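In what follows, a structure is listed as structure tokens, so that the remarks can point back to it.
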Amino acid sequence: MTLTELKYIVAVAREKHFGRAAEACYVSQPTLSVAIKKLEEELDVKIFERSAGEVSVTSLGEEIVRQAQSVLEQASEIKEIAKRGKDPLSGVLTLGVIYTVGPYLLPDLVRNSINMTPQMPLMLQENFTTKLLEMLRTGEIDCAIMAEPFPDTGLALAPLYDEPFMAAVPSSHPLAQKKSVSTTELKNETMLLLGAGHCFRDHVLEVCPEFARYASNSEGIRRTFEGSSLETIKYMVAAGMGVTLVPRMSVPEEALAPTERRRRVDEPHIRYLPIHEDDGIAPPTRRVVLAWRRSFTRYEAIAALRNAVYASPLTGVKRLSE
């Protein structure tokens, strides 16, 4: 039994496909298949059920895969211990970021990281929360910046900031003349939502559950925005298709300046409005956190990453610690 064979079975369990698992491990499919068959023969158990359509893990195989993942993490920790003895901050740090944070935080974060810890380059992975949680569990990434809430997976968490939502409305819309709006005022509007899988979509529906009708009954809208980015939806707002909610850091500072001082020309048709308290209900916000496996040993790297975050402007949000 080798670590390589354990790596192969973890990859197959994750991908549910021998070909994709081989690609992820940078080997040919025959090489991976032979190694797994050898391991199954050595253990005298069947780890995977193979069919024409997909690969499934047997009940006993699930236990073996979990143990294999644990062994791989422990083996990786040995290497990390050796690295820490030389320079705790040396080596790549693999960071996952959700789609609705990455474009607005990463430019400053990466710049700060290069200046503060040049010996620790960041390998970046943008994805959905569910996928990032899986990648954390399997050790594909070291840490992730995500928005709560998400399932309790026993991860270590460090709160970064609380971020308010803002309403984005067409500049020709009657609401655009207001200084702020309430969620009640948005109830009768056409709300444009991100596609399924985006946690920010879930945050909006949690705050404004009445908009769930656009996710279930209005198939045209749902399909139009499946997989879309916030920036794409902003263009649809500018075109007068509806309104949306956006996180504060996604709002260009120039767009909040008085009309006569606005310099930005690519968003002239959108007005961004704060959301005020409504019937005693506080304006909607989300908490953005840094998460990592408790078994991850590069504590100094996590601290350095947090420092790089806090060195960023983080305009319009509430920093939670320094």
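Out of 8, 26, one residue alone is at pLDDT 90 or above and open to solvent by 70 Å² or more (accessible area, probe 1.4 Å). It is 26. Listed by first and then second residue, the pairs with beta-carbon distance under 7 Å, at least 6 apart or on different chains, first residue in region 302-314 and more than 11 Å from residue 145 (Cα to Cα), second in a loop (DSSP other than H, G, I, E, B), are 304/89; 304/117; 304/120; 310/322.
Of note, residue 103 satisfies the criterion of being in contact with an Asp or Glu (Cβ under 8 Å, 6 or more places away or on another chain), open to solvent by 50 Å² or more (accessible area, probe 1.4 Å) and either β-branched (Val, Ile, Thr) or not in a loop (DSSP other than H, G, I, E, B) (or both). Please determine, by comparing only the residues of region 106-137 that are surrounded by fewer than 17 Cβ atoms within 10 Å (Cβ to Cβ) and of a type in the set (Val, Ile, Thr), which one is nearest to the chain's Cα centre (by Cα). Applying the filter and picking the extreme gives 130. Restricting attention to region 11-23, which residues are closer than 18 Å to residue 66 by Cα, assigned to a helix (DSSP H, G or I) and open to solvent by 40 Å² or more (accessible area, probe 1.4 Å)? Of everything in region 11-23, those that are closer than 18 Å to residue 66 by Cα, assigned to a helix (DSSP H, G or I) and open to solvent by 40 Å² or more (accessible area, probe 1.4 Å) turn out to be 14, 15.
Listed by position, the helices (runs of 4 or more DSSP H) inside region 114-224 whose residues that are within 28 Å of residue 277 (Cα to Cα) and modelled with pLDDT under 85 number at least 1 are 183-186, 199-207, 213-216.
The values are calculated or read from the model by the stated rules, or taken from the named source; none is laboratory data. Worth saying up front: this structure is predicted, and the values here are computed from it rather than measured. Virtual Cβ from ideal backbone geometry, glycine too; neighbours counted across all protein chains shown. All accessible areas refer to the heavy atoms of the entire protein, side chains included, with ligands and DNA or RNA removed. Shrake-Rupley method; radii C 1.70, N 1.55, O 1.52, S 1.80 Å.
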